[in-house]
Amino acid sequence: MCGIVAATASREVAEILMEGLRRLEYRGYDSAGLALISNKAALQMRRRKGKVKELEMALSHQPLTGFNGIAHTRWATHGEPSELNAHPHTSGGRVAVVHNGIIENHESLRNELKEKNYKFSSDTDTEVIAHLLHYYLEKHGKSLSEALRASVLQLEGAFALSAIDIAHPNQIVASRRDSPLVIGVGIGEYFIASDQLALRQVTDRFIYLEENDTVLVAPDFLEVRNAQEVVVERKITQITSSPEENMLGSYSHFMQKEIFEQPKALHATLAATNDSESAGLFSPEIEKTFDIIKAVQIVACGTSYHAGLVARYWFEELAGIPCQVEIASEFRYRQRVTQPATLLITVSQSGETADTLAALRGIGSAEFVASLAISNVDNSTLVRESDLVFLTKAGAEVGVASTKAFTTQLASLLAITLALGRRNGMHEDQEQEISSALDSLPDTISGVLKMDSQIRDLSAKFTRRKNALFLGRGVYYPVAMEGALKLKEISYIHAEAYAAGELKHGPLALVDEDMPIVAIAPADQLLEKLRSNLEEVRARGGQLCVFADPDSGLESSADLLVLMMPDCADYIKPIVYTVALQLLAYYVALNKGTDVDKPRNLAKSVTVE
Ligand code: M6R
């Protein structure tokens, strides 16, 4: 939801800002802009509607220079995507601001500022921040950092923001509330960004800001103040991952790269669950909590919610632990009755999803035994604010469609199932079977990836369709939901998932020869039931594509295409089948020519409600 990057140095920063925007584009791509203070202390700005490459083109025709600047890539909330609504927003020709989040009281602030004769040139909530800063600088003679502190006190809602002022040509100010913001520490230079990924080309040292911190940086100066406006020291963390980790390499898209990275990501995640040395994974605190819990409540959004739905089957069937799963945006606003001794598990790739964070922040003080975050991003807000943390080791996920984050979440949840099952009377043989199944997971996924060209061929059947149905039963119902989400998200084909037994209660009316139907048919105790559901579809002319086990007894025919999945233990099949559905969505989107990594209207990190 919008990416911010800022830099103050003793060298040109335009290219640093542009590289930062390219790396942050996953956060929003409706428009982009940057503002620099020139060496003659003049404010210069370029903004363009559309992706960062439009801004890049504008700069190649009319370059900007300067040692101090801010930049932004936008995911529109207030005001349509347009050049006028693109950030930075300015005031009085001296102040420029970039912002991520939503200023909830922007209307009343706008009215107050209009009474003070401020003119608005955009429909955004952000513009009020520029005018507020200007007001405190100009009318109250405050310094830039004082003006920032006075302004943020007036803001309601969520924000990460950064601003420059030509009267303070070496300084940048920034602040955050409910939106992420990091400071990159260079040698004689400082950077600010929504995500450290934006700055990995210039530094590996970061400061993670806390709620309501305000910051002032100049090339050789850093001051952080906390919510009480007291100057504080914040820890510098050195990152060890390679800056190249989020480069495309030989792949065409990040989604493709991330699908193919899954064996490695799963291996790393599972290795970490077995390594007692690694921070946070099955720490003694987690073990102690597992000893006392009697139930689990999972809260998440989107793909992470689907991971929770799969885990419910595992927790209840394998570990005998009652489990509820809820979408965070519903959970946070609902009056709940929580069973005693319940563990809250939040699942989030980014650890910054606004609804998931709000759900965590909104729980009653004694409602849960503890909160456990399963996240892919160390130092994310969710990780910092949870009692316990379980980090997946998927590596940076750049494609908006979540792939390796989902499968590593599932592997983590299955490892947790095992840990809970051990305490709840799981038979040693079963424990051993689950353990070996997890060990075999990376290799089995490599087997699915070998189906690449087969699935590519299958994808042609979907390219011209407007709708698709995904069917599954039991634990494969949420897998079908994830398959449908992947397809709709990147190919824009309307796709719905149904528990196959529900078909005849309504959706069967949709089935005709134009409706492709994807079914997930492993050879489990529900296979015979599923076969009957497939016959119901066949009888109505539906085009069936079935992902099945070698021993399912299903065979391809004129109206039934069967793709055989690698043989593996039942426990890991939800993960294994998911990868085939990811490839299907990827190739359908590729055939349709959509922007696979940056699908329209979406952003990777949903930091607004
Ligand atoms: O970072 P999170 O896991 O909290 O994100 C939750 C959803 O926004 C995310 O999974 C979304 O549904 C994906 N784009 C799906 O591919």
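The values are calculated or read from the model by the stated rules, or taken from the named source; none is laboratory data. Predicted model, so just to flag it, every value in this text is computed and none were measured. Virtual Cβ from ideal backbone geometry, glycine too; neighbours counted across all protein chains shown.
Points to keep in mind about this one:
- Counting only strands (runs of 3 or more DSSP E) wholly contained in the stretch 60-155, the ones carrying 3 or more residues that are of a type in the set (A, V, I, L, M, F, W, C) occupy 95-103.
- Summed over the stretch 203-246, residues that are among the polar types (S, T, N, Q) and on the phi > 0 side of the Ramachandran plot total 1.
- Put simply, of I286, I292 the only residue that is touching a strand residue (DSSP E or B) at 6+ places or on another chain (Cβ under 7 Å) and of a type in the set (A, V, I, L, M) is I286.
- Contact map, the stretch 49-68: first residue on the phi > 0 side of the Ramachandran plot and at pLDDT 95 or above, second residue surrounded by fewer than 12 Cβ atoms within 10 Å (Cβ to Cβ) and assigned to a loop (DSSP other than H, G, I, E, B), Cβ cut-off under 8 Å, separation 6 or more or different chains; the map is empty.
- Yes/no for V337 being farther than 22 Å from G157 by Cα and within 15 Å of the ligand (Cβ to nearest atom): no
- For the stretch 556-609, a residue qualifies if it is out of contact with any helix residue (DSSP H, G or I) (no Cβ under 6 Å at 6 or more places or on another chain), crowded, with 17+ Cβ neighbours inside 10 Å and among the basic types (K, R), and the qualifying residues are K573, K598.
- From the list F462, F390, the lone residue that is in contact with a strand residue (DSSP E or B) (Cβ under 6 Å, 6 or more places away or on another chain) and part of a loop (DSSP other than H, G, I, E, B) is F462.
- Residues of the stretch 381-408 classified as more than 9 Å from the ligand (Cβ to nearest atom), among the small types (G, A, S) and out of contact with any Leu (no Cβ under 7 Å at 6 or more places or on another chain), total: 2
- Residue match in the stretch 363-371 (condition: in contact (Cβ under 8 Å) with a residue 24 or more places away in the chain and within 16 Å of the ligand (Cβ to nearest atom)): yes
- Selection status of N246, within 16 Å of the ligand (Cβ to nearest atom) and modelled with pLDDT under 95: yes
- Filter result for the condition that a residue is under 30 Å from T8 (Cβ atoms), more than 20 Å from the chain's Cα centre (by Cα) and among the aromatic types (F, W, Y), over F315, F221: F221
- Selection of strands (runs of 3 or more DSSP E) fully inside the stretch 493-609 by the criterion of at least 2 residues being within 16 Å of the ligand (Cβ to nearest atom) and in contact (Cβ under 8 Å) with a residue 12 or more places away in the chain returns 494-499.
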